[in-house]
Amino acid sequence: MAATNIETWQSAIVIEVIPVAEAIARIVLEPSLPIKAEPGSHIDLMVQINGESVKRSYSVVEAAADGTRLVISVMKAPLSRGGSIFMHSLIPGTRLEITQPLQNFPLRIGAQRYILLAGGIGITAIANMAAVLKRLKADYTLVYVGRSREAMAYLGELEELHGDRLEVHIDNEGSSLKVPELVGRADTGTELYMCGPIRLMDAVRRGWVERELDLPNLRYETFGNSGWYDPEEFIVRVPKLSLEVTVPQGRSMLEALEDAGAEMMFHCRKGECGLCEVRVIQLAGTIDHRDVFYSERQQRLSTKMNCCVSRAVTSATGAKADAAHTGPAIITIEPN
Amino acid sequence: MTVVSATSSTTNKVLPHPLNAWYVAAWDHEVTRKPMSRRIANRPVALYRTEDGNAVALADACWHRLAPLSMGKTMEKDTIQCPYHGIIYNSAGRCVSMPAQETINPSATVPSFPIVERYRYVWIWMGDATLADPDLIPDMSQMSSDEWAGDGLTIHAACNFQLVLDNLMDLTHEEFVHSSTIGQEELSESDFVTVREGNKVTVTRWMHNIDAPPFWLKNMRDKFPGFEGKVDRWQIINFEAPSTINIDVGVAKAGTGAPEGDRSQGVNGFVMNTITPETDRSSHYFWAFMRNYALDSQLITTQLRDGVHGVFGEDEEMLMAQQAAIDANPDYEFYNLNIDAGGLWVRRILESMLAAEGRLTPSA
């Protein structure tokens, strides 16, 4: 049956791990309970970090029609939470715990026009959709944005498959994407699907709102792991619980609070649902809002934050930060 | 996937339904601005019309807490509001408003199903939407042709859809199930020819120089007042996958050339049947009786509809009893006879569709 949102855990064997771009590995998995993977679906997977099992989500880049082979791709991100380093250490024959393909980012069939926008490793969520639209002879443009040709996975294959429908923007070749121009091409019959860094997605969202296009036609998925700023270590204080906790670079504020014994409420852990909201009482630094739950207005207020993905950063990197402050950012909160 | 040999598979008493196929969800007049719920292929679906009159089918379960959207109300343009916490979706199933927050959760969607309105029906595709080609809708053109008149109803049949197909592909049962209306012994005695081409099956039976059974005598007299005498009777059963069976039926004055193609001295009807699986043990059976004479008589339209409704009530009773017997005898399979040739070709075709979906199981 088709992709679901119920996590059914199963084992999968790693069949192949090969580099497909600078710091990006293509990983082929053979699941023990194969089901068809729809475009836009992802799997959750248990990675090992310092002997601990932690859940991570990866988009299904391509899949056999009956689901017997699933392909994901992972970018090694030393500044992130450690899952990608484990994934890059995999060798064929390794057994992993994975879920059935899960669906939060369905492609709708039948739109008049499509723009698919992939930034960097975001291509993993978009490539499968593009292949389906190509097969359906839909009116689509695949826009692929990257820092350099070497850092863009599957570029050659996509050029071959999509021909003129692929539009490539590469920063170090001087062909960077002009977001207003891209959004300017959308009209009321266009659906835009995107996956990429938060800055790119935010720029598109602003453009979309400015053009007064229907927000439901702007489709995106976020796994909550891209911020405006590089992650830093910071300190969170919870007077109500008499806690002071250091949040390291590779760990979320929610995880750090849980580690310290605080009983936290949460659900999605990717900045969508708002359940892990905490109230900000005092702030030395600035908040890097990485959620999609708050409106821009609410994010600007910075009186609350979603602690599953959002972080505090110091003045050195935060444009709106308090310039007088040095050392790690300190945030004082009251949990929900 | 379980491997099943072709010879044993056709003895399965009932089959799962293909998902990559068009099924009738409703008569066109049933779908209105007020949402309705109907279970199709095991899945509850909310059906409604947009302000522009387009039919919409969404999964009948809100993304948030699965409250049935069909209990909610339609709003401006193409939207529907969940009755529980007021979340609003458009016809694509995308959330357009979440009352309790300033943004919209990007995951907030409910599945929407492809819909086509054709032949007075609303057709739905419950499987892989990328395969939903409207050209695959079975031909029921008599339903919307100026040359045919008639009407129909829906039977809620408490049996697997395959049993209804079996019933319609072998009409020798008429002699026993419908003895007072269309049954006669010549049905079982006469020869028939079965032809399978692609995903279509045709079973043709002619009965020459016989007495017209009561239903057909009445129809002959509607067209030829005071008619007496023998008739040539035909039944040409046309199956088109997954579950549409249109039966070309009629009688003509004996020896006036109907078997050779001249039906002018007779009456001709089409029994239009299309069956939608509701669950594995129940079906929505949409039918109509169309005729090509006395086109402007509402009286005859109503008489025929009510007459066929009575006849089909007899089928319904038998099918329900058969499903109960199947459930009560899990250790026994069917024994097939020569009269089942049409029905077995239908099963063969459905099994190939199920195999293509990776859903063929040894027994349902």
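Tabulated results
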| read-out | value |
| --- | --- |
| Index of the failed condition, A:Leu283 passing every other in (1) touching an Asp or Glu at 6+ places or on another chain (Cβ under 9 Å); (2) within 13 Å of another protein chain (Cβ to nearest Cβ) | (2) |
| Pairs, first under 20 Å from A:Thr332 (Cα atoms) and without any contact (Cβ under 8 Å) to a residue 40 or more places away in the chain in segment A:286-299, second open to solvent by 30 Å² or more (accessible area, probe 1.4 Å) and of a type in the set (A, V, I, L, M, F, W, C), C-beta under 9 Å, six or more apart | A:Tyr294/A:Leu301 |
| Any hit, segment B:131-140, residues being facing chain A (nearest Cβ under 8 Å), part of a loop (DSSP other than H, G, I, E, B) and modelled with pLDDT under 95 | no |
| Extreme residue, most open to solvent (accessible area, probe 1.4 Å), among residues of segment B:99-111 that are at the interface with another protein chain (Cβ under 7 Å from one of its Cβ atoms) and in contact with a Lys or Arg (Cβ under 8 Å, 6 or more places away or on another chain) | B:Glu102 |
| Residue in segment B:57-73 that is touching a Ser or Thr at 6+ places or on another chain (Cβ under 7 Å), outside any loop (DSSP other than H, G, I, E, B), closer than 18 Å to A:Gly110 by Cβ and not acidic (Asp, Glu) present | yes |
| Selection status of A:Ser252, open to solvent by less than 30 Å² (accessible area, probe 1.4 Å), among the polar types (S, T, N, Q) and within 14 Å of chain B (Cβ to nearest Cβ) | no |
| Matching residues, segment B:180-201, being surrounded by fewer than 18 Cβ atoms within 10 Å (Cβ to Cβ), outside any helix (DSSP H, G or I) and over 24 Å from the mean Cα position of the chain (by Cα) | B:Ser180, B:Glu185, B:Ser190, B:Asp191 |
| Odd one out for B:Pro83 among (1) touching a Lys or Arg at 6+ places or on another chain (Cβ under 8 Å); (2) of a type outside the set (Asp, Glu); (3) without any contact (Cβ under 8 Å) to a residue 24 or more places away in the chain; (4) within 14 Å of chain A (Cβ to nearest Cβ) | (4) |
| Matching strands (runs of 3 or more DSSP E) fully within segment A:37-124 where at least 3 residues are of a type in the set (A, V, I, L, M, F, W, C) | A:41-49, A:70-75, A:113-119 |
| Residue identified as open to solvent by 20 Å² or more (accessible area, probe 1.4 Å) and at pLDDT 95 or above among B:Leu66, B:Leu47 | B:Leu66 |
| Scope segment A:33-70; condition free of Cβ contacts under 8 Å to residues at least 60 places away in the same chain, farther than 30 Å from A:Leu254 by Cα and among the hydrophobic types (A, V, I, L, M, F, W, C); matching residues | A:Ala64, A:Ala65, A:Leu70 |
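Listed here are the residues, each with its yes/no results for (1) more than 14 Å from chain B (Cβ to nearest Cβ); (2) closer than 26 Å to B:Thr103 by Cα.
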position: A:Leu155; (1), (2): yes, no
position: A:Glu160; (1), (2): yes, no
position: A:Ile170; (1), (2): yes, no
position: A:Glu181; (1), (2): yes, yes
position: A:Cys195; (1), (2): no, yes
position: A:Arg206; (1), (2): no, yes
position: A:Val209; (1), (2): no, yes
position: A:Leu215; (1), (2): no, yes
position: A:Arg219; (1), (2): no, yes
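The values are calculated or read from the model by the stated rules, or taken from the named source; none is laboratory data. On a predicted model such as this, the values are computed, not experimentally measured, just so you know. When we count neighbours, we look across all protein chains shown, and the Cβ atoms used for this are built from the backbone with ideal geometry, even at glycine. The protein model used for the area step is the full one, side chains on, heavy atoms only, and it has no ligands, DNA or RNA in it. Shrake-Rupley method; radii C 1.70, N 1.55, O 1.52, S 1.80 Å.
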